[in-house]
Amino acid sequence: MNVISLPLGNIPPMAPEAFERLLRRAAATCWLARFRNQASPKGVPTVNHYEIGETAGAIWQVLSSDGPQTFAALMEEVDAPQSIFFMAVGWLSREDKLQFEPSNGDYLIKLRQ
């Protein structure tokens, strides 16, 4: 793994929005690197559609029984791999089953009525 180190005095100040984008991009890059390491022998990441469906069902059950949850709380409650969790949220979102509201730097997720 390559490590880039810069003296902190040489980093120009940036707007909070730009810094948040930078952090999100760095997190996504780290996640993709981990995901590539879990790839099949041919280098193609494997996705288990059954696991995505099961996780979507678990998300639905938690929201149905416990009510609205933040992403962080829901991820902890469902306890699925992060990639599968977000695929399941995307699945439910595409089916118009979820509603999202900003909440203290996170999102509150609830079932759509």
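At-a-glance table
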| quantity | calculated |
| --- | --- |
| 2 or more residues among the small types (Gly, Ala, Ser) and modelled with pLDDT under 75: qualifying helices (runs of 4 or more DSSP H) within the chain | 16-37 |
| Pairs where the first residue, in segment 65-77, is farther than 14 Å from LEU98 by Cα and the second is in a helix (DSSP H, G or I), C-beta under 6 Å, 6+ apart | MET75/PHE85; GLU77/VAL62 |
| Residue count, segment 86-100 (criterion: of a type outside the set (A, V, I, L, M) and more than 17 Å from SER64 (Cα to Cα)) | 3 |
| Evaluation of ARG112 against (1) surrounded by fewer than 14 Cβ atoms within 10 Å (Cβ to Cβ); (2) under 21 Å from GLU20 (Cβ atoms) (one fails), failing number | (2) |
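The values are calculated or read from the model by the stated rules, or taken from the named source; none is laboratory data. Please read all numbers here as calculations on a predicted model, not as lab measurements. In this analysis, Cβ positions are derived from the backbone assuming ideal geometry, glycine residues included, and neighbour counts consider all displayed protein chains.
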